[in-house]
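Some notes on the structure that comes next.
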Ligand SMILES: CC(C)(COP(=O)(O)OP(=O)(O)OC[C@H]1O[C@@H](n2cnc3c(N)ncnc32)[C@H](O)[C@@H]1OP(=O)(O)O)[C@@H](O)C(=O)NCCC(=O)NCCS
């Protein structure tokens, strides 16, 4: 698994996933090139063996190669086989001044939600950004599963903006069949 930053100007390929975290395209484009975009990718099949190979010298390689090829995952051998997209999650964080950063968007590829990628990305961001910012904040809707997710990461509610989703979006935002109305403001300090 690797987490890397994508520079401004190279972010368009991540817009479809950013739209999972924030449905309104104009909103996503309003912060796309502002702040820092982080992506989490999962290593492809064969990646572990590649890193083992890179660590060997010539003599070791002759001795060990036949055995390693036996273990090589079949998916990695198929020439021209369709490669799975390694992208699993994205997060966009802006600098709000005064030592405060804001997670404007966090989204995990729907088929891979609930597998720990959101937690992994947020924990890495908090580690990387501590020392740069004092406080991390974000706003989300009244979705109990999402609120539990952020509570488990140490966020606490600091306020609510009534009817924010109705005012900010040009269509009702539904999650699990329930319309989101208030924006729940969450924050935590960074160690
Ligand atoms: C919310 C989200 C970022 C969580 O990331 P994730 O990788 O799915 O979550 P993790 O596997 O790391 O953590 C799972 C926890 O998050 C909660 N959760 C929230 N939304 C979830 C979802 N759609 N699927 C599975 N778990 C979800 C679960 O309750 C779970 O808690 P538990 O372990 O106590 O049961 C991700 O599900 C997502 O992108 N959802 C759609 C977009 C969104 O709602 N973004 C946040 C808006 S602010």
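Laid out as a table, the results:
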{"item": "Test for residue 93: is it within 30 Å of residue 43 (Cα to Cα) and away from the ligand (no atom under 11 Å from the Cβ)", "result": "yes"}
{"item": "Test: residue in region 150-158 that is out of contact with any strand residue (DSSP E or B) (no Cβ under 9 Å at 6 or more places or on another chain) and surrounded by 14 or more Cβ atoms within 10 Å (Cβ to Cβ)", "result": "no"}
{"item": "Region 130-149, residues that are touching a strand residue (DSSP E or B) at 6+ places or on another chain (Cβ under 6 Å) and under 17 Å from residue 91 (Cβ atoms)", "result": "133, 135, 136, 137, 138, 139, 140, 146"}
{"item": "Which listed residue, of 155, 117, is touching a residue at least 60 places away in the same chain (Cβ under 8 Å) and over 16 Å from residue 22 (Cα atoms)", "result": "117"}
{"item": "So residue 106, is it buried (at least 17 other Cβ atoms within 10 Å of the Cβ), within 13 Å of the ligand (Cβ to nearest atom), at pLDDT 95 or above and not in a strand (DSSP E or B)", "result": "no"}
{"item": "Residue that is surrounded by the most Cβ atoms within 10 Å (Cβ to Cβ) [pool: residues in region 109-149 that are within 14 Å of the ligand (Cβ to nearest atom) and assigned to a strand (DSSP E or B)]", "result": "136"}
{"item": "Failed item, numbered, when residue 182 is tested on (1) in contact with a strand residue (DSSP E or B) (Cβ under 9 Å, 6 or more places away or on another chain); (2) under 23 Å from residue 39 (Cα atoms)", "result": "(2)"}
{"item": "Tally, over region 159-172, of residues that are in contact with a strand residue (DSSP E or B) (Cβ under 7 Å, 6 or more places away or on another chain) and within 17 Å of residue 27 (Cα to Cα)", "result": "3"}
{"item": "Those residues of region 22-44 which are crowded, with 16+ Cβ neighbours inside 10 Å and farther than 17 Å from residue 125 by Cα, in sequence order", "result": "22, 27, 28, 31, 32"}
{"item": "Residue that is nearest to residue 112 (Cα to Cα), among those in region 2-53 that are part of a loop (DSSP other than H, G, I, E, B), within 16 Å of the ligand (Cβ to nearest atom) and modelled with pLDDT of 95 or more", "result": "42"}
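The values are calculated or read from the model by the stated rules, or taken from the named source; none is laboratory data. All figures in this text were calculated on a predicted structure; none of them were measured in a lab. Neighbour counts run over all protein chains shown; Cβ positions are idealised from the backbone, glycine included.
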